[in-house]
Each structure stands twice: as structure tokens, then as C-alpha cells.
Amino acid sequence: MNSMTKWLIKTFVKKDKTKYGELSSYTGIACNILLFVIKGLVALLSGSVSILSDAFNNLSDCLSNLLSLAGYKVSRKPADPEHPFGHGRAEYIVSLIIVAVIFVVGLQLLQSGVRKILEPSELYITPWMMVILVLTVLVKLWMYRFNRELSAKTGNMILAASAQDSRNDALTTSGTILALLLSRTAGNLPLDGIAAVCIALFILYSGFQLAGEIAGHILGTPIDQKQAEEILTILRQDPHVYGAHDLLLHDYGNGKILGSAHIEIPADLPFKDAHKIADRLEKTIRDLHGIDLTLHMDPYEEESQHKEVYELILKTLQEYGQDITAHDLQIYGPAGERTASFDVLLPYALADKQEEIRTRLQSILTEQAGIALISVVFDHSYIGETER
């Protein structure tokens, strides 16, 4: 993290992490207004439509910053009867509005670029104008790094969008500079208009990418693997816990995360002791990760017959791939009428093979373990998978 970013965080954010977004918005408003004024003057003096398009792109960024600022204000509102989980997901709504602004600007710039290609005009570019444009690129590169660092610290969608937009601005201005330099030797080729069209298309493409990312968050994305593994490791390290699985996390924005998980504990452990274990682990997760986790306790049988049946289940599942596992094995009933109940964690790629796997497990367990009936629940991972 550079010294300027550290100073801004220390001065304006201090210990209130909810103000990271507001710091980004205020910084963006100041920088983008400055860039709009500078590029607008250069565009008027030079007659370049690509520079003018770039200037209005910065003006739209300023509007986006204002929308983001409003979004942060809303997301920080406390929970109320109508919104018991808070207002943190307002950032998704604001992000979609920003995407809409990006599309509108992109289409307008595309129209201006096409018009410039069809009706080219002479440009007046001086060295000092080029120097100014290069300096504006450096400003946008700093904004990109600034927002990326804030996004990494908070996981905020709006900050990630702002970082991406700043990077795009730096690239488009660089393209404008290159086109203006080449236009001096390009004869009648309307490079200024072509550059404006390329900038517009790039802006529209970035908007589509960002829209897809936001839609993914609204629909639900897999749990971060690193965070999930850290949580599961904490649960499994307890001496009374034999396993942990079925981790679910629900992100309500602005640091509000609720979740649940299953832990396997000895079946003969007194209920009060089991409850103390769950309470202690929930507090540990809350203190270390800021997540309100509810733990479900599964009874774990250490009898040898359970281990043998469990190993047989795993061996059978391995026929379909190394990433299939089973848990929550329970065996009921007398000899000859035993029922095995368990869950199978099934990759999405094998979802159409559920009945085949169920039939295979029933056949193997009946023949080799004397299990009369099996009850299988097929689960899917919420942490994400490697594509097969």
C-alpha cells in the first residue's frame, strides 16, 4: 500500500471500516471533476472528439461516485423491522445503476465516434496537450491502485467496480494519445473518430463484464475457498469434533454475514457439553471472521461396523471421481433389517447420475455389509468446485 493511500485511510477512515467506500467516493469525485475540466479544455482547443469523449467519460465517473456515495450512506443504515439483516445489499443496486450509466455513456461516445469518422475535421494538437493527457493517465492509474487496495481490504463490490473503471479510463486515454500521435502521419485516415469508437466499444464491453459480475453476486456465488477452509479448520481442530461440513454463508453486504455448518461430535457426549462446544466455536468464528455462525451437531459413532461401512461407501463413490465424499453416516435396526442413512457430497457435473449412484451404493452395501436399505441425501458444495 502506497504512502498516499495510507495517509488517506489514517486521516479519513481511522477505525471505522464502513467509511472506506465514502473515502473512495470523495476521492473519485475530486479527481474526476479535475480530469473532466482538464480534458474538456484540451478537447475544445484541439477539436478532438476522442478527447472530448474521454472527458465526458470522466464526468460519468463522477456521477457514478455520487451514486456510490449515496449507496454507502444507505448500506450503513442499521437494521429495522422491514430490513432485519440491514441495508448492506444496497451496494448491488447502486452497482447496477453505475452499469446503466456506463452503457449510456458508451453508446453516446460510439455515436460521436461514428459521426467523426463520417465527417472528419482537422485537429490542433500541441506537445503540452500531450503532456497533460499523459498526466491524466497517471492520475487514473493511481485511482485504480487506490480503489483496488480498498476493495481488497473490504471485499466491496462498488470499490471493485470503481477500480476496474479507473483502469479502463487509463487504457482509453492511452489509446487516445496514441491515435492523436499517429494522426499526424495518417493523412486523411480519421484516427480520432476510430479511437473514439474503440473507446466506446471498450467501455461497453467493460459494462457487460461488470453487469455479469454483479448479477453473479445477486444470484449467489460460491463461498471464498480460503475463508471457508479457515473456518472449517477452526471447527475441525477442536478435540471433540471429528468432522465439519455443509458450510453455508449468506452475505448481506457491509460486513453482515450469517452462516451455518455441521460438526460431528461423539454420540455419547452429554448434551450440555455438546452445547458448550458449539457455543465456544461459534464465538471463535465470530471473533476471528465477524461471521454469525450457527452450528448443527451430528452424532458420530465410533463403532467398528460404522467405520467399515463408511470406508465401503467411500470406496464405491471413488468409482465416480476423487471429489465425491460422504458424511453423517447412521446405522439403525437389528441384523438383517439394518438401514444406513448418510449424505453424499456430489459435484454438479454428476447431478444426472444420482439414481445410478444410489442404486450402486444399495447393491454394494447389501452384498458386502448386510445393509437392507439405504437412505441417501445428495448435497452440493457451496464453496465452489474445479471444473471437471
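Basic side chains Lys and Arg get +1 at the Cβ, acidic Asp and Glu get -1 at the Cβ, and with that the dipole of the chain about its Cα centre reaches some 2380 debye.
For the range 15-61, applying the loop criterion from DSSP together with a ceiling of 15 other beta carbons within 10 Å to the trypsin sites (Lys or Arg not before Pro) yields Lys15. Please report the net charge: other residues with Cβ closer than 13 Å to the Cβ of Ile291, K and R +1, D and E -1. Once all neighbours under 13 Å are counted, the net charge is -3.
Taken one residue at a time, the phi angles of the range 238-252 give Karplus couplings (6.51, -1.76, 1.60, θ = phi - 60°) of 5, x, 8, 9, 8, x, 9, 7, 6, 6, 10, 10, 10, 8, 9 Hz. Gly and Pro are set to x.
Here is what passes the span test in the chain: the DSSP H helices with alpha carbon length of 30 Å or more along the helix axis and a Kyte-Doolittle mean of 0.0 or above are 20-46, 49-75, 90-118, 127-154, 157-183, 191-219. When the pairs Lys226/Lys307; Lys256/Lys283; Lys153/Lys226 are compared against a 19 Å limit on Cα-Cα distance, Lys226/Lys307 fall above it. Fewest neighbouring Cβ atoms within 10 Å first, the residues Ile277, Ile102 line up as Ile277, Ile102.
If every alpha-carbon in the range 201-355 counts as one equal scatterer, what log10 I(q)/I(0) does Debye give at q = 0.19 1/Å? Those come out to -1.26, one per q. Projecting the Cα atoms of Ile257, Thr233, Leu269 onto the dipole axis of the range 222-299, where Lys and Arg carry +1 and Asp and Glu carry -1 at the beta carbon, places Ile257 farthest toward the positive end.
At 10 °C and 1.306 mPa s, grab the translational diffusion coefficient of the chain from Stokes-Einstein with a Kirkwood Rh over Cα pairs, rounded to a whole number in µm² per second.
63
Each of Glu149, Glu82 was scored by other Cβ atoms within 10 Å of its Cβ. Arranged with the fewest first, they read Glu82, Glu149. In the chain, helices alone account for a calculated mean residue ellipticity at 222 nm of -21000 deg cm²/dmol, with every DSSP H run of four or more residues adding -39,500 (n - 2.57).
Only the coordinates and a few stated rules stand behind these numbers; no lab work does. Everything quoted here is computed from the prediction, not taken from an experiment. Positions of Cβ are generated from backbone atoms using ideal geometry, with glycine treated the same way; all protein chains shown enter the neighbour counts.
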